[in-house]
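Asks: There's a structure below that I have some questions on.
The values are calculated or read from the model by the stated rules, or taken from the named source; none is laboratory data. All values derive from a computational prediction rather than experimental measurement. Note that each Cβ is placed from the backbone with ideal geometry, even for glycine, and that neighbours are counted across all protein chains shown.
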Amino acid sequence: MPTALVVTEPADPTSPAVLELDGALRAEGFEVELVVPDDLVLSHPHPDLLLISAALGLQRMALVSQRFLVDGRMPTIVAFPDDDLGALEECVRAGFDYVTRPFLPGLLRSRANSCWERWQLSTAVEEMAALASLREYERELRIARDIQAGFLPESLPRLDGWEIAASFRPARQVAGDFYDVFTIVNGRRLALVVADVCDKGVGAALFMALIRTLLRHTAEHTGYVQDVGDDAAASLDRALDGPMGESALPLLSLGAGPLIQAVVGTNRYMARNHLKQAYFATMFFGVLDPCSGDLVYINGGHNPPIVVRADGRQTLLPPTGPAVGILADSSYTLGHVQLGPGDALFAYTDGVVEARNAAHGLFGTPRLQEVLGASGAHAEGLLAAVDGAVRTFVGAAEQSDDITTLALTRNPSRTQRRHSPRNTARNSARNPLPNQAPDPR
Amino acid sequence: MSFTMKMNVEGDTATIRLAGELDGSSAPDLNDLVTQAVGRQVGRLVLLLDELTYMSSAGVRCLVFAHQKLPRGSQITLVGTKPEVAETIRLTGFDRSIVMR
């Protein structure tokens with residue numbers, strides 16, 4: 001028995017036209033099924049004859065047709081008018097075959113046969129369906145890109161005596177890279193994040209949104225190290241067992257609590273809920289005390305940021321733990337570096353050092369260090385120098401990976417000693433932390 | 001850049017030879033191959049990497065993916081890993097979960 005599938009407008013799935021069509025098809029010996037477009041998301045029927053209501057509009061009709069494209073072939077597809085002949089005319093102009101009321105069994109059979117014959121010769125609908133689905137896809141990606149932009153800071157906090165600059169250049173519409181800069185502990189510390197979710201494209205972008213949110217939310221809502229869970233406190237003890245010695249604890253703890261809690265908490269969340277999906281993020285998360293220049297950080301499996309001293313020496317900040325989300329039982333230690341007047345910190349994602357030129361060579365860390373060594377102590381200047389060098393190196397080759405860079409520089413003068421970060425309006429509004437215990441110093 | 005892979009299953013061990021560059025465009029193919037291997041009930045995965053010249057973060061994700069898909073306690077062994085590739089894996093800290101020879 002031949003099968004017919006009737007795709008109806010969801011608002012009126014049993015309109016008089018549909019019922020009449022259904023009756024006529026059955027009378028002519030068809031097995032008939034009525035569905036709305038949403039039903040086709042999960043089921044994949046293979047009817048001999050596909051009738052689509054013109055009331056769906058051209059775009060949705062093309063998308064429905066697209067679902068039936070199997071191995072380059074489709075069933076015979078015919079449009080029918082629900083009640084709007086104008087909508088039908090639009091479909092016919094676009095290349096759809098059609099039937100109109102009255103739907104009498106004999107007439108319908110004859111029309112279906114001639115539609116089938118014509119169908120064998122025509123590819124218009126297939127091409128149209130492909131184009132419609134491409135447009136739909138592009139539209140969705142544009143939306144995703146706009147939404148992703150909302151997961152990056154709109155503006156960077158401003159600090160007396162410091163310069164901060166960041167840049168984000170995705171290789172595709174959406175990216176797995178991100179950076180973030182925000183104040184914590186009631187504006188007394190500055191959090192800086194550069195992270196790279198493994199892989200590229202939409203999957204990485206979804207995890208970018210999750211990881212950025214977990215990190216920022218946790219860091220903004222954690223006060224002192226006493227407030228955090230036992231695990232994090234234990235990690236801190238281990239961390240400070242190292243070369244810094246116990247005396248460093250009171251000084252660093254103000255920013256260290258939020259830092260550890262954010263990274264350890266995000267890793268735990270990812271491990272508990274998303275391990276199966278095998279996404280992870282490498283990240284550099286630093287917390288700066290703008291008064292002293294002390295920076296505590298966790299480097300979770302990330303390309304080592306580079307500290308360029310005022311006298312030109314360079315230090316790399318290698319990983320202090322694994323990438324976040326890669327292992328269930330990761331432990332992290334804290335790193336510490338002090339930025340003096342004229343010093344700079346440059347953090348970046350692997351898109352910089354793994355940039356390729358036309359001859360397929362890698363940009364590489366030595367070249368990056370060379371560029372940083374040759375470009376003064378201004379944050380914007382550093383970014384521009386690196387960006388320019390990467391672009392020149394890559395030349396006409398295609399940018400293959402997301403590129404994110406962040407620079408923090410301390411002004412050479414020593415005039416600002418006890419100034420707190422001055423926030424942009426947006427960031428202070430977002431920072432509802434109440435006043436807590438006084439600075440342990 | 002070109003990428004090739006070839007799998008050989010013997011007993012409960014799947015051996016996959018990779019050559020060329022493992023990045024975002026080749027990673028899905030390797031993930032499919034790993035899924036096939038898991039479907040054949042292997043408990044050990046050996047990757048021959050002496051001809052693999054580059055591995056991006058998408059490639060490291062393949063290793064994490066394999067680690068998740070294989071039964072608990074399965075071993076993943078990397079043989080002949082070039083220094084640059086080994087460095088990429090070490091940076092992420094995932095070398096703790098695999099054996100590199």
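Asks: If A:Ala191 satisfies every condition in (1) surrounded by 23 or more Cβ atoms within 10 Å (Cβ to Cβ); (2) closer than 29 Å to B:Cys62 by Cα; (3) modelled with pLDDT of 95 or more but one, which is the exception?
Replies: Evaluating A:Ala191 over (1) surrounded by 23 or more Cβ atoms within 10 Å (Cβ to Cβ); (2) closer than 29 Å to B:Cys62 by Cα; (3) modelled with pLDDT of 95 or more leaves (2) as the failure.
Asks: When you look at A:Ala358, is it within 14 Å of another protein chain (Cβ to nearest Cβ), at pLDDT below 95 and surrounded by fewer than 21 Cβ atoms within 10 Å (Cβ to Cβ), yes or no?
Replies: yes
Asks: If you take the residues in segment A:270-289 that are closer than 17 Å to A:Asp180 by Cβ and more than 18 Å from the chain's Cα centre (by Cα), which one is nearest to the other protein chains (Cβ to nearest Cβ)?
Replies: Result: A:Phe285.
Asks: Suppose the filter is modelled with pLDDT of 95 or more, in the same structural domain as A:Glu220 (by TED's automatic domain parsing), more than 21 Å from A:Asp196 (Cβ to Cβ) and of a type outside the set (Ser, Thr, Tyr); does A:Val287 pass it?
Replies: no
Asks: Taking only pairs six or more apart or across chains, which ones have beta-carbon atoms under 8 Å, a first residue in segment B:25-54 that is touching a residue at least 12 places away in the same chain (Cβ under 8 Å), and a second residue that is assigned to a helix (DSSP H, G or I) and among the β-branched types (Val, Ile, Thr)?
Replies: Qualifying pairs under 8 Å: B:Leu45/B:Val34; B:Leu49/B:Val85; B:Leu52/B:Val85; B:Thr53/B:Val85; B:Tyr54/B:Val85.
Asks: Looking at segment A:264-274 only, could you name the residues that are touching a helix residue (DSSP H, G or I) at 6+ places or on another chain (Cβ under 8 Å) and within 15 Å of B:Thr92 (Cβ to Cβ)?
Replies: Within segment A:264-274, A:Met270 is the sole residue that qualifies.
Asks: Which of the following residues is hydrophobic (A, V, I, L, M, F, W, C) and either touching a His at 6+ places or on another chain (Cβ under 6 Å) or more than 27 Å from A:Asn186 (Cα to Cα) (or both): A:Leu316, A:Leu254, A:Leu288, A:Leu295?
Replies: Exactly one residue qualifies, and that residue is A:Leu316.
Asks: Could you tell me whether A:Thr266 is modelled with pLDDT of 90 or more, among the polar types (S, T, N, Q), in a helix (DSSP H, G or I) and buried (at least 24 other Cβ atoms within 10 Å of the Cβ)?
Replies: Spelling it out, A:Thr266 is indeed modelled with pLDDT of 90 or more, among the polar types (S, T, N, Q), in a helix (DSSP H, G or I) and buried (at least 24 other Cβ atoms within 10 Å of the Cβ).
Asks: Next question. Got a number for residues in segment A:148-188 being farther than 24 Å from A:Gln261 by Cα, hydrophobic (A, V, I, L, M, F, W, C) and in a loop (DSSP other than H, G, I, E, B)?
Replies: Adding up the residues that qualify gives 4.
Asks: Specify which of the listed residues (A:Ala204, A:Ala175, A:Ala165, A:Ala195) is over 10 Å from the mean Cα position of the chain (by Cα), aliphatic (A, V, I, L, M) and within 14 Å of chain B (Cβ to nearest Cβ).
Replies: Only one candidate qualifies: A:Ala195.
Asks: Okay, moving on. Out of everything in segment A:144-176 that is of a type in the set (Asp, Glu) and in contact (Cβ under 8 Å) with a residue 60 or more places away in the chain, what residue ends up being surrounded by the fewest Cβ atoms within 10 Å (Cβ to Cβ)?
Replies: A:Glu154
Per-residue answers, yes or no, for (1) assigned by TED's automatic domain parsing to the domain that holds A:Ala129; (2) within 42 Å of the chain's Cα centre (by Cα); (3) closer than 19 Å to A:Ser133 by Cβ:
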| residue | (1), (2), (3) |
| --- | --- |
| A:Ala27 | yes, no, no |
| A:Arg60 | yes, yes, yes |
| A:Val64 | yes, yes, yes |
| A:Thr76 | yes, yes, no |
| A:Pro81 | yes, yes, no |
| A:Ala87 | yes, yes, no |
| A:Glu90 | yes, yes, yes |
| A:Thr100 | yes, no, no |
| A:Ser110 | yes, no, no |
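Asks: A further question follows. Just to verify a result, which residue in segment A:294-334, among those that are part of a loop (DSSP other than H, G, I, E, B) and among the β-branched types (Val, Ile, Thr), is nearest to A:Asp196 (Cα to Cα)?
Replies: Filtering segment A:294-334 for residues that are part of a loop (DSSP other than H, G, I, E, B) and among the β-branched types (Val, Ile, Thr), the one nearest to A:Asp196 (Cα to Cα) comes out as A:Ile326.
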